[in-house]
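The values are calculated or read from the model by the stated rules, or taken from the named source; none is laboratory data. As the structure is a computational prediction, the values presented were derived from the model and not from experiment. Positions of Cβ are generated from backbone atoms using ideal geometry, with glycine treated the same way; all protein chains shown enter the neighbour counts.
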Amino acid sequence: MRGGQRLMVNYRNFKFLQEFKASFIKDFKIYMRYPIWIISDFISTPLWFLFFLLALILFTPESSSIYSLEYFFWGYVFVIFLASSMWGIGYEIRTEQLEGTIEQIFLAPINRLTIIIGRWSRTLVMDSLIILYTMLLFKIFSKISFSISNPFLFTFSLILIQISILGLGFFFSGLALKIKNYSSLTTLLFISFTIICGVYFPPSSLPFPLNFISYSLPFTYLVDLLKYSTIEVPTILELKIELPLSLFLSLSSLLLGLTFFKKVERNLRIKGQIGFH
């Protein structure tokens, strides 16, 4: 009996991996079909960073400019992942609705989560390439060194960020199913996250109650860990507390996003409104 159960688990895992692979390849092929998307991503990302960078240089003392630029850059790295989650991953379901393929996908004997995970994996690959490309450009044409003081913690913080990003992607996928067009809400939340989560400046500089809200969000601690692992910015909490707290908050974000998506999907299935747009 145990052998049969183990075989069934192995089969389900293999089936999930095959579905994930198919979803990733499908999404990647669609992305590669439009070269203008790729060109736009690789041009606009460094330009946006340069745009904000020039404003920062104008108002930053020369003695602290390099430190401030690195602080700003690692915050911008998080912003790239955040934008992909809110507009890229979350809007995948909406795209399937508009193309008229979502009902066929949801009726197929596959795990619906692989649709979202496939998009997440594609955005992760492309975002990573764009970030490395941006780092290379500014490494050549500026004095920014992009130091990483703790590679292990740096890798760990990126993993936690991706876990939270995937959870947020599930949440916005559910939101796309529920309210269809959520562009205004996404823009508002995106701007709020970049201000409140200590992306470009320490959350301690925020006035009350914004600082209280900041300390209650998981992204604040993830950005904090990322900057500590690179330029050794002092952490908000002691590291022995912030590490397990960040892990807990990341996993909680993933679980909450997944739960919300499944609940919305189940309710719309009952009403027969999965493909309604």
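Restricting attention to segment 203-214, the residues that are surrounded by fewer than 17 Cβ atoms within 10 Å (Cβ to Cβ) and closer than 23 Å to Asn150 by Cβ total 1. A single member of Ser85, Ser121 is at pLDDT 85 or above and either under 19 Å from Lys29 (Cα atoms) or buried (at least 18 other Cβ atoms within 10 Å of the Cβ) (or both), and it is Ser121. Among the residues of segment 54-72, those identified as modelled with pLDDT under 70 and in a helix (DSSP H, G or I) are Ala55, Leu56, Ile57, Leu58, Glu62, Ser63, Ser64, Ser65, Ile66, Tyr67. For segment 1-37, taking the residues that are modelled with pLDDT of 75 or more and among the small types (Gly, Ala, Ser), the one that is surrounded by the most Cβ atoms within 10 Å (Cβ to Cβ) is identified as Ser23. For segment 141-183, taking the residues that are among the β-branched types (Val, Ile, Thr) and touching a residue at least 12 places away in the same chain (Cβ under 8 Å), the one that is surrounded by the fewest Cβ atoms within 10 Å (Cβ to Cβ) is identified as Ile148. For Leu222, the conditions (1) farther than 19 Å from Gly75 by Cβ; (2) surrounded by 14 or more Cβ atoms within 10 Å (Cβ to Cβ); (3) not acidic (Asp, Glu) all hold with the exception of (1). One residue stands out in segment 114-142 among those that are in contact with an Asp or Glu (Cβ under 9 Å, 6 or more places away or on another chain) and among the basic types (Lys, Arg): the one that is nearest to Leu69 (Cα to Cα), namely Arg122.
Among the residues of segment 255-269, the one identified as β-branched (Val, Ile, Thr) and touching a residue at least 12 places away in the same chain (Cβ under 8 Å) is Val264.
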